[in-house]
6 protein chains.
Amino acid sequence: MRPSKRAADELRPVRIERGVSRHAEGSCLVRFGATEVLCTASLEDKVPGWLRGGGKGWVTAEYGMLPRSTTERMRREASSGRQSGRTLEIQRLIGRSLRAVMDMGKLGERQITVDCDVLQADGGTRTASITGGWVALHDCVRWMAARDMFVSEPLIDHVAAVSCGVYAGATVLDLDYPEDSEAETDANFVITGGGKLVEVQASAEGDPFTEEQLGEMLALAKTGVARLVELQKLAIA
Amino acid sequence: MRPSKRAADELRPVRIERGVSRHAEGSCLVRFGATEVLCTASLEDKVPGWLRGGGKGWVTAEYGMLPRSTTERMRREASSGRQSGRTLEIQRLIGRSLRAVMDMGKLGERQITVDCDVLQADGGTRTASITGGWVALHDCVRWMAARDMFVSEPLIDHVAAVSCGVYAGATVLDLDYPEDSEAETDANFVITGGGKLVEVQASAEGDPFTEEQLGEMLALAKTGVARLVELQKLAIA
Amino acid sequence: MRPSKRAADELRPVRIERGVSRHAEGSCLVRFGATEVLCTASLEDKVPGWLRGGGKGWVTAEYGMLPRSTTERMRREASSGRQSGRTLEIQRLIGRSLRAVMDMGKLGERQITVDCDVLQADGGTRTASITGGWVALHDCVRWMAARDMFVSEPLIDHVAAVSCGVYAGATVLDLDYPEDSEAETDANFVITGGGKLVEVQASAEGDPFTEEQLGEMLALAKTGVARLVELQKLAIA
Amino acid sequence: MRPSKRAADELRPVRIERGVSRHAEGSCLVRFGATEVLCTASLEDKVPGWLRGGGKGWVTAEYGMLPRSTTERMRREASSGRQSGRTLEIQRLIGRSLRAVMDMGKLGERQITVDCDVLQADGGTRTASITGGWVALHDCVRWMAARDMFVSEPLIDHVAAVSCGVYAGATVLDLDYPEDSEAETDANFVITGGGKLVEVQASAEGDPFTEEQLGEMLALAKTGVARLVELQKLAIA
Amino acid sequence: MRPSKRAADELRPVRIERGVSRHAEGSCLVRFGATEVLCTASLEDKVPGWLRGGGKGWVTAEYGMLPRSTTERMRREASSGRQSGRTLEIQRLIGRSLRAVMDMGKLGERQITVDCDVLQADGGTRTASITGGWVALHDCVRWMAARDMFVSEPLIDHVAAVSCGVYAGATVLDLDYPEDSEAETDANFVITGGGKLVEVQASAEGDPFTEEQLGEMLALAKTGVARLVELQKLAIA
Amino acid sequence: MRPSKRAADELRPVRIERGVSRHAEGSCLVRFGATEVLCTASLEDKVPGWLRGGGKGWVTAEYGMLPRSTTERMRREASSGRQSGRTLEIQRLIGRSLRAVMDMGKLGERQITVDCDVLQADGGTRTASITGGWVALHDCVRWMAARDMFVSEPLIDHVAAVSCGVYAGATVLDLDYPEDSEAETDANFVITGGGKLVEVQASAEGDPFTEEQLGEMLALAKTGVARLVELQKLAIA
């Protein structure tokens, strides 16, 4: 029995609220249960130095947690003077995931930065960030389309993410914090709208896991992401 | 004529939404027009080293802006590795303002950290932070009261803040960004519920200002803060 | 009775010694009683990036304290790797104050950096820095004039600063360290030669203060700055 | 055809040279083809603060690359003042992998730090680090055993790692740099001596990958790690 | 012929002004020609962690240059966030030099920090710092003596320093900046009152130098330091 | 009697293994007894900003120690976020030493960076770095010669370095760690193939030393470096 009484393959209630920022070219507030992430997409006319002059664009992501998004207040990274390894790892993951569904040549020599800031954390902040980050990115691309900024559509597909884990011996979908902190194995899957895999990251927190468990988690993740993609489609409709 | 059509002594619509964080001991989302600040108050059982063993508590504040809270995306301070002078200046101001209405002996040897994170900026983020920060602090003190954590009330009075400025030659109340970026003089006033002054900070951005203009701004600020204190009272009722 | 036996409206002995640096385009050693600040003005042919190509110049300031300028040795900021919030706040104040009396168009596309380094501290280091910084700036402008570097005079007016406070219930002028550390309210006023206000910063350290006290402090500050401007005139004569 | 002419399931020549450091409690130089990593295990009598007093130990890892271990010289991280996200990500992975086969209670309140420094890089530095890091850790534990520092064996199992990828449409084992830089998908598998999974990290660099490809890569990885564990056994025999 | 017309073995005019800081336990302003260094000695009751509980004291030094102590304004190290290699090298040299004449056991478990801040630079700032730093240290020890803080004298001997160089083919004493920037070889000698060597640092800036030149420089340095020690004795008389 | 039983003028066994890096333009692994330093020379087509456009090149060096190159594990400088004063001092010394035998005009507008990374430390890491660094630099210059990258030979002479010290009252050559940690005086000499001096750095660790001792150490160093230059010649033959 999961602490939240959810079925093994049941997502938390997911809400996606678009257009929450008056300044950003695209934005949404995404909630996976009590987890809340504010995602904004910012368009800039310059690309990183190593891309300059090549006619291709770039999508990058940054991630942060508000100091009291967590049960205990965390130290503010701006004040400690460095981003933690966890933060850097997550923002690299978000960036890779979003780039997987973007055609950089069609984007043109521009950069879109997707900021994912966790207002409240209850497990799954990175999967919520990818899922909501895609919506912000989508709206930024629509903003560009409305201004005729590209010739052919650069956004290739949906992408969304969900966590799975082995909790109390069973494989379950979309871990919340009470599950996440107890899980023997914790995995994150990033999957496209077409059902192909972008990222698989599975870690044994306690005992190692089996190939069978990996297979079960992947199956759960595929149904979970399919549902998240539906919700993205509803949100942007 | 102000860009927003407001009268010279007219505040923007102010909303204070309490209890927005499931983790923090006190929290609110405060809006001054399009400016939105998430304020949380976090209680800890330890005080800074120089206060240890004295039986007195401390209230401190931290301030940050989300990278795309502004018209143009700003660099994330966690990534640049240092908080700007402006950030440090504002969080010192918020801390001093809130300490002015707290009796540290009655608080006991504990620290309350008030985090003010700007989700969206349209001028007046520091005054919104102080005004909302007080509500978060109040709720944290109520949380403590419910747990019999002190003998006599440590929160002495309300405190709120508002900006004034000389815009197009006239003194006006509660500048939004379009006014703030054009104002000849920009001033912030922090005033208690009892109408006494905690902080006055007035800066000529263009031409220096006169004693008369300072007096006019102070008069506007007193009416503005009185209104903000009423709104605080409504919010906590 | 003030610890120094001074009357409420009495400045400490102020001395301004010009030309103390063989390298700087302008320099002075300014003393407010036992407070000693070495001010240098350095001319450079480049401006900050955001001003480039616009034909306008810039005046900026940096502030530092020698580690043993204070009663207890402070940690060296170069060694701790960051400037404190107080340092950044003060150098921003000095810069704004000096810019208020400089016509950037007439200066031309050049930057003047005024460094204010506190050799010995006894209260009022920021007001001494502004008062002495103006003299260094003036001499730098004279250095430029001697080389025909501008067509019409860019230095518009004098500017000087003084602190006031509420000490033992009375409003007093130009606090030294023993007063400053005990004052209920501490205020700094930056005023031009023409008597107009550039900056007003008043903070309650203990109990909040009244509008009347603010008015009294402002009146004291105006007489104090008028005297400081006379001393600047004597110094540059 | 692979650039190195290897078969799809063929590891590069792997060499493990033990006892290369006269100071470290355990050490080895591991080579996966031209990739060379110096691994040392350092025993300390203190644990991180959050573990203190609990009687349990800790295993952690640090990772670095010599500036000219790569084709182009990289900036030295000690000089740039921060470790890159990639570095932090890899050292977190190495640490988690080694902890998965260590019983922290049996280790006692001590920390073992495994340093993995890349002398020469040709792809697969993280998998070589885990594989060689285990040998250094093993020898450190033997060093402790020789001094009767624990009652029952804390090292539970072997652990080793290998990369797989989709290169030119085919799934291949143990990518070298020419393959790694061209691969459509890049995956790392950390597997115990008993064949259970500790970490799976698969990333699409170009097109997303399929469940079938993930399965093929996992199958390759299992045979590869089984071979690496044999080589570890030979090395420590 | 030297630019300053001095004889090859002639020091610049040296002045040592004691007691220039009202806060420091010992202080002096030392001038070697146009080079001016403010030296303060600060006594603290704590020692570095690795000395704690051993009953021995420590002497350390810090060094800094005011931004416009030089011909061209330098970047402020507090602002750049790190001390340069040159700064660290010099302050390590000053510390070692002063420790060479202090008996740490007799000092007791206390630390004296000697800060050497260059107000104006014209070559020889490190040698002036050591020479003046000794006077500040001496006065700090006298301050302690006046308070009966030790049983037997911890300050063993004088120590002073001077530079020599090969300029225009000739060996000369006490280089000023015009010589220093042109010298083929630059050397610094730290020598005790008893004429023994504490530090010798000689560097070829252009062509390497000969053993004979090293000998000539050493001979010059011995007479120079003997003269500096006389001046120290006069200063403390 | 030296701990290693060596004669006073006896070097440790020195080995120089060239071509140890497949990526670097020049490289060697140099051993002075148990001290092992990996030296690589990296050629780049750009020079530091202050040299740009002048047609001259630059040689610079960086130095690092692996965390467990030492008896006790040291903190990794990449992780602490700053290079120590000792590290900066040593890498400046290596750079100056190598530049002393390079004609920058003949090198052309290119930079060679010599990285010296200590794999194992047993005293004399800086002297081994200079001695081995020269070999790496030499091979880099040969690499350039093979590609006709200069008209006339830029490498003027050999350069090598050795330490001397006063150990147990006697002057000895090439200190290992047990001697170095006990020596009263520690000196490093950098000498060209032609026997001229590039750097002399002698420090009293305990009692000051005499002119005679300096002379004895210099004599030892000259024979030591002559032997090291022979070994360099054998290595590059």
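The values are calculated or read from the model by the stated rules, or taken from the named source; none is laboratory data. Computed from a predicted model, the values in this text were never measured in an experiment. Positions of Cβ are generated from backbone atoms using ideal geometry, with glycine treated the same way; all protein chains shown enter the neighbour counts.
What the table below lists for this structure:
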quantity	calculated
Restricting the range F:50-73 to residues that are within 14 Å of chain E (Cβ to nearest Cβ) and without any contact (Cβ under 8 Å) to a residue 40 or more places away in the chain, the residue that is nearest to D:Tyr63 (Cα to Cα)	F:Glu72
Hey, A:Val225 aliphatic (A, V, I, L, M), in contact with an Asp or Glu (Cβ under 9 Å, 6 or more places away or on another chain), within 13 Å of another protein chain (Cβ to nearest Cβ) and surrounded by 24 or more Cβ atoms within 10 Å (Cβ to Cβ) or not	no
Some residue of the range B:139-157 being over 28 Å from A:Leu119 (Cα atoms) and within 14 Å of chain C (Cβ to nearest Cβ)	yes
Residue tally, condition under 17 Å from the mean Cα position of the chain (by Cα) and within 18 Å of E:Asn188 (Cβ to Cβ), over the range F:191-208	6
Residue ID - nearest to D:Val198 (Cα to Cα), chosen from residues in the range A:192-212 that are more than 8 Å from chain D (Cβ to nearest Cβ) and at pLDDT 95 or above	A:Glu212
Enumeration of residues in the range D:102-114 that are among the aliphatic types (A, V, I, L, M) and more than 11 Å from the chain's Cα centre (by Cα)	D:Met102, D:Met104, D:Leu107, D:Ile112
Among (1) buried (at least 24 other Cβ atoms within 10 Å of the Cβ); (2) within 22 Å of C:Leu29 (Cα to Cα) - the single one C:Ala78 does not satisfy	(2)
Complete set of residues in the range F:1-17 that are modelled with pLDDT under 95 and assigned to a strand (DSSP E or B)	none
Residue selected from the range E:115-134 under the condition more than 14 Å from E:Val20 (Cβ to Cβ) and part of a strand (DSSP E or B), by the criterion nearest to the chain's Cα centre (by Cα)	E:Val118
Sole residue being closer than 30 Å to A:Ser79 by Cα, buried (at least 17 other Cβ atoms within 10 Å of the Cβ) and polar (S, T, N, Q), chosen from C:Thr60, C:Thr40, C:Thr35, C:Thr71	C:Thr60
Single residue of E:Ser129, E:Ser163 found to be within 17 Å of E:Ala7 (Cα to Cα), surrounded by 21 or more Cβ atoms within 10 Å (Cβ to Cβ) and of a type in the set (S, T, N, Q)	E:Ser163
Those residues of the range A:18-32 which are among the charged types (D, E, K, R) and part of a strand (DSSP E or B), in sequence order	A:Arg18, A:Arg31
Residues satisfying the stated conditions in the range A:88-100, i.e. buried (at least 23 other Cβ atoms within 10 Å of the Cβ) and in contact (Cβ under 8 Å) with a residue 60 or more places away in the chain	A:Leu93, A:Ser97, A:Leu98, A:Ala100
Residues of the range F:216-234 satisfying the condition of being more than 22 Å from E:Arg92 (Cβ to Cβ) and either outside any helix (DSSP H, G or I) or of a type in the set (A, V, I, L, M) (or both)	F:Leu218, F:Ala219, F:Leu220, F:Ala221, F:Val225, F:Ala226, F:Leu228, F:Val229, F:Leu231, F:Leu234
Tally of residues being within 22 Å of C:Ala136 (Cα to Cα), more than 7 Å from every other protein chain (Cβ to nearest Cβ) and among the basic types (Lys, Arg) across the range E:74-101	1
Failed item in (1) away from chain E (no Cβ under 13 Å); (2) under 30 Å from F:Gly57 (Cα atoms); (3) in contact with a helix residue (DSSP H, G or I) (Cβ under 7 Å, 6 or more places away or on another chain); (4) crowded, with 21+ Cβ neighbours inside 10 Å, with F:Ala136 passing the rest	(3)
Hits in the range A:2-25 - residues which are facing chain B (nearest Cβ under 10 Å) and touching a residue at least 40 places away in the same chain (Cβ under 8 Å)	A:Ala24, A:Glu25
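Yes/no matrix, rows are residues, columns are (1) surrounded by 24 or more Cβ atoms within 10 Å (Cβ to Cβ); (2) not hydrophobic (A, V, I, L, M, F, W, C):
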position: A:Met1; (1), (2): no, no
position: A:Ile16; (1), (2): no, no
position: A:Cys28; (1), (2): yes, no
position: A:Gly49; (1), (2): no, yes
